[in-house]
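Down below is the structure, laid out as structure tokens.
The values are calculated or read from the model by the stated rules, or taken from the named source; none is laboratory data. In this text, all values refer to a predicted model and were calculated from it rather than measured experimentally. In this analysis, Cβ positions are derived from the backbone assuming ideal geometry, glycine residues included, and neighbour counts consider all displayed protein chains.
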Amino acid sequence: TPDQTGTGDANGPADPGPATPPAQVDDGGANHTDTAVPGVIVSGYSTAVPPRLVIKTRARIRVPIQVDATGPVTVQVRSSNAKVVTPSTKTLTAVPGKVATLVLKAGTKPGKAAVTLTAGGKTLKLTIAVAKTVSRATSLTVSAPKTVRLSQPNTLYRIQVKKISGTPASPVATFTVDKKSKKFLSVSKAGVITPKKTGRATIAVTADKTTKKITITIKP
């Protein structure tokens, strides 16, 4: 049975520029409060990694990141312990509709660190454990909307990777739309869903060799 939860969205304050509907977030129930910053409305982040993950010593992982905004966003990146995990950059520019990539490099010794991404007062925190050995993912927990609507173009629909159990060699999930479903929607590397036409679509979320399939209905 696909792991799905109910949908949720959040409306933010009006952009001080020309009248533009504030973006909404629909990520399977995780509500967010929009924060107005000059020229943009940051509604939330979407990534292909869980909030807690394990990576191997000396490993490098590429984390796809996508923000919901009305303009380019400068994201500040910080590590609580650079000897354990070092981000590839201290600032990252995210453009609406595009996926930015953050590279995280693990240190030579086991330990724990928090990597935080901040923009416009909103923060995404990743808690990372670095281990000498990793094996594989044993299970996968995801959250996704059951329904997306073509009539709500200002809603950010996304798949959230809640948890990857075990010590996966690759803690970054991938999203694959099956061949028959590609005409109904697409999914970015960061898990953001773009509906195309009404119907039902199946998406496979994979970490290592562990896969969870979810079904989403696209309505007018």
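So, of the residues in segment 49-64 that are basic (Lys, Arg) and within 14 Å of the chain's Cα centre (by Cα), which turns out to be farthest from residue 141 (Cα to Cα)?
If we take residues in segment 49-64 being basic (Lys, Arg) and within 14 Å of the chain's Cα centre (by Cα), then 62 is farthest from residue 141 (Cα to Cα).
Quick one: in segment 166-180, which of the residues that are at pLDDT 90 or above and either assigned to a strand (DSSP E or B) or touching a Gly at 6+ places or on another chain (Cβ under 8 Å) (or both) is surrounded by the most Cβ atoms within 10 Å (Cβ to Cβ)?
Result: 173.
Output the strands (runs of 3 or more DSSP E) that fall wholly within segment 1-96 and possess 2 or more residues being of a type outside the set (A, V, I, L, M, F, W, C), modelled with pLDDT under 50 and surrounded by 13 or more Cβ atoms within 10 Å (Cβ to Cβ), or say none.
Per the criteria, 24-26.
Among the residues of segment 181-197, count how many are within 17 Å of residue 65 (Cα to Cα) and part of a helix (DSSP H, G or I).
Residues flagged as within 17 Å of residue 65 (Cα to Cα) and part of a helix (DSSP H, G or I) within segment 181-197 amount to 0.
Among the candidates 219, 189, 209, which residue alone is in contact (Cβ under 8 Å) with a residue 60 or more places away in the chain and within 13 Å of residue 149 (Cβ to Cβ)?
On inspection, the qualifying residue turns out to be 219.
Of these, 151, 170, 165, which one is within 30 Å of residue 106 (Cβ to Cβ) and out of contact with any strand residue (DSSP E or B) (no Cβ under 6 Å at 6 or more places or on another chain)?
170
For the structure I just gave you, tell me whether residue 133 is of a type in the set (Val, Ile, Thr) and surrounded by fewer than 21 Cβ atoms within 10 Å (Cβ to Cβ).
Judged against the criteria, residue 133 is a match.
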